[in-house]
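Data block below; observations after.
The values are calculated or read from the model by the stated rules, or taken from the named source; none is laboratory data. Small disclaimer: the values here were computed from a predicted structure and weren't measured. Note that each Cβ is placed from the backbone with ideal geometry, even for glycine, and that neighbours are counted across all protein chains shown. Keep in mind that these areas ignore ligands, DNA and RNA; they rest on the heavy atoms of the full protein, side chains included. Shrake-Rupley method; radii C 1.70, N 1.55, O 1.52, S 1.80 Å.
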Amino acid sequence: MAGGHSLLLENAQQVVLVCSRGERFLARDALRSLAVLERASLVVGKDGFIKAIGPADVIRRQFSGETFEEIIDCSGKCILPGLVDAHTHPVWAGERVHEFAMKLAGATYMEIHQAGGGIHFTVERTRQASEEELFRSFQQRLQCMMRAGTTLVECKSGYGLDLETELKMLRVIERARRELDISISATYCGAHSVPKGKTATEAADDIINNHLPKLKELGRNGEIHVDNIDVFCEEGVFDLDSTRRILQCGKDIGLQINFHGDELHPMKAAELGAELGAQAISHLEEVSDEGIVAMATARCSAVLLPTTAYMLRLKQPRARKMLDEGVIVALGSDFNPNAYCFSMPMVMHLACVNMRMSMPEALAAATINAAYALGKSHTHGSLEVGKQGDLIIINSSRWEHLIYQFGGHHELIEYVIAKGKVIYKT
């Protein structure tokens, strides 16, 4: 095929690049306004990478003799980067709708957890489920995320807690990574909770002596690819010392540190993450001022989860303080049985309303900065030549409608494209 170009998106009202100079993240003043082209076109090559972006007439002349597998007329519409969900727990069996009723009646997260519910309930069901059952439900959840515009998603294990079930979950994530169109960043989260019958120290020893060496071996053999290591650093779960030991051990086998910190109690997790060279820390509802400064200095991203604070009625993370101090702020859905939300457009809306972020800040947090939190902002998170052709087309002449219309993404998103291939259209 002449020129080997696969896809031409023509004459969009707006193409939201987010970045235009190869930035790996956006912070401080760079978030005031995002890079946007008016009446522009975009070309994705057969290899799935972006080949050209520019004014519609320039692109038309440049590619006048070319043949494309698909041409989409984007007149009056907007093209945005595919959304990046930087924090999810999408592999599990056993829903917890009954616990939602308990929370509405006044029970706290930790009260449910200590009564054998919460993570422990899901662990029991996930241990009993077959690998095929877990894959089928996981695949359906990824489809829902994709239809809401997500093209790169972080996926955690963590509902096994024993080596056998953690590996079962990671195999499910690996299979999805190989077979599905959505891009996946895989996270080992064996330290999501302390298993029944063990102390935190014993659980940490098991992870360090048994789980992580096995992961290293499976990675070397090419059986399972894991990108990140996570620990739930929290009072009554893993203390600072156990968290440090596990994260350091994970880093030593080549995993990026990306962990839950300072959610329900101030733990100095942000300070620890900055010291260890963490790529990202999630939650941070209870982060200290010193922790915020440490994260900004270390370029450790903050993955904020507006759904969690909303559903658990926690105090909101201090997004404004973090942004003002120069922290790289990213967003995630925290999809899990406790916070059942697939939609990054709804997450962005909540971030704007409840955490007082601007719309450009929220979009950057759900694209380039979320990709940075996963160590993938060199290939994902913005529309720039040479980056992966992951994008969405919305039926609106202004990109802000994706955030403004709360729950309106099903009607707005017309196309979701991954690696230059249309993976969803209305």
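Which residue, A280, H5, G82, has the largest displacement toward the positive end of the dipole of the chain when charges sit on each Cβ (Lys, Arg +1; Asp, Glu -1)? Among A280, H5, G82, the one farthest towards the positive end of the dipole of the chain is H5.
Percent of C-alpha pairs per 5 Å bin in the range 359-426, short distances first: 4, 16, 21, 26, 23, 10, 1. Considering the zone a paramagnetic label at E69 would reach in this model (a point 7 Å from Cα along the Cα-to-Cβ line), which residues of the range 387-416 have amide N under 19 Å from it? Counting backbone N atoms under 19 Å from the label point, the list is 387-393, 415-416. Which whole-angstrom value gives the distance between the alpha carbon centres of the range 205-270 and the range 33-50? First find each Cα centre; the distance between them is then 37 Å.
Over all other residues within a Cβ to Cβ distance under 11 Å of I368, the charged ones net out to +1, with Lys and Arg as +1 and Asp and Glu as -1. Annotation for the range 352-386 versus the range 95-147: alpha-carbon center distance of 28 Å. Restricting attention to the range 145-274, lysine pairs at least eight places apart or on different chains and with alpha-carbon atoms under 20 angstrom apart total 10. Remark: relative contact order (the range 149-257) = 27 percent; criterion is Cα-Cα distance under 8 angstrom and separation of 6 or more residues. Within the chain, antiparallel bridges make up roughly 45 percent of the DSSP beta bridges whose residues both belong there. With each label modelled as a point 7 angstrom along the Cα→C-beta vector, the E414-E202 pair spans 6.0 nm. The rule of thumb for compact globular proteins, 2.2 N^0.38 Å, goes into the C-alpha radius of gyration of the chain 0.96 times. Rolling a 1.4 Å probe over the protein heavy atoms leaves S288 with an accessible area of roughly 30 Å².
Express the carbon and sulfur contribution to the solvent-accessible surface of the range 83-374 as a percent, rounded to the nearest whole number, probe 1.4 angstrom. Numbers along the way, then the final one.
Working: 4900 of 10040 Å².
Reported share for carbon and sulfur atoms: 49 percent.
Note on D324/R136: beta-carbon distance plugged into 1/(1 + (r/R0)^6) with R0 of 45 Å gives a FRET efficiency of 0.50. Of the trypsin sites (Lys or Arg not before Pro) in the range 185-277, the ones in a loop by DSSP (not H, G, I, E or B) with at most 12 other beta carbons within 10 Å are K196.
Contact order normalised by length for the range 247-307, with contacts defined as Cα pairs under 8 Å and 6 or more residues apart; what percent is it? Intermediate results must be reported in sequence, preceding the final value.
Working: 103 pairs, mean separation 19.5, N = 61.
For the range 247-307, the relative contact order is 32 percent.
Rounded to whole Å, give me the distance from the Cα center of the range 392-425 to that of the range 67-84. Going from one Cα centre to the other spans 10 Å. Mind telling me which of A101, A309, A270 comes out most flexible in a GNM of the chain, alpha-carbon contacts under 10 Å? Fluctuation is largest for A101. Accessible area per residue was computed with a 1.4 Å probe on protein heavy atoms; T297 scores about 110 Å².
Placing unit charges on C-beta atoms (Lys and Arg positive, Asp and Glu negative, everything else neutral), compute the dipole magnitude of the range 237-297 about its Cα centre in debye, rounded to 20.
Numbers: 4 positive and 11 negative charges, 66 e Å.
In total the dipole reaches around 320 debye.
Put a dot 7 Å past the Cα of V353, heading toward its Cβ, do the same for E223, and the two dots end up 4.7 nm apart. Taking every alpha-carbon pair under 8 Å whose residues sit at least 6 apart, the chain reaches a relative contact order of 22 percent. Positive end of the dipole of the range 222-294 (Cβ unit charges, origin at the Cα centre): among I224, A269, Q248, the Cα lying farthest that way belongs to I224. Springs between Cα atoms under 10 Å define the GNM used for the chain, and in it the highest mean-square fluctuation of M355, M311, M267 occurs at M311.
Taking only DSSP H segments of four or more residues, each worth -39500 (n - 2.57), what value at 222 nm results for the chain once the sum is divided by all its residues, to the nearest 500 deg cm²/dmol?
On the way: 18 runs with 157 residues, N = 426.
Theoretical 222 nm ellipticity from helices: -10500 deg cm²/dmol.
Starting from the range 8-82, pick out the trypsin sites (Lys or Arg not before Pro) whose DSSP state is loop and whose Cβ has at most 10 other Cβ atoms within 10 Å. It would help to have the intermediate numbers written out before the result.
Working: sites: R21, R24, R28, R32, R39, K46, K51, R60, R61, K77; in loops: R21, R24, R32, K46, K77.
Of the trypsin sites (Lys or Arg not before Pro), the ones in loops of the range 8-82 whose Cβ has at most 10 other Cβ atoms within 10 Å are R21, R32.
For the range 83-374, the per residue solvent-accessible surface stands at 34 Å², with DNA, RNA and ligands left out and a 1.4 Å probe.
Using the Cβ-Cβ distance between A115 and A52 with R0 = 60 Å, the FRET efficiency computed as 1/(1 + (r/R0)^6) comes to roughly 0.55.
Projected onto planes of every orientation and averaged, the convex hull of the alpha-carbon atoms in the range 1-143 covers 14.2 nm². Remark: the chain carries a charge dipole of roughly 800 debye about the Cα centre, counting +1 on each Lys and Arg Cβ and -1 on each Asp and Glu Cβ.
Rounded if a/c is under 1.5, else prolate if a/b is larger than b/c, else oblate: which is the range 26-69, with a ≥ b ≥ c the root eigenvalues of its Cα gyration tensor?
Numbers: a/c = 4.67, a/b = 1.94, b/c = 2.40.
Oblate, because a/c is 1.5 or more while a/b does not exceed b/c.
In the range 83-374, a dipole from Cβ-located charges (positive for Lys and Arg, negative for Asp and Glu) runs towards its positive end, and of A370, H349, F121 it is H349 whose Cα lies farthest in that direction.
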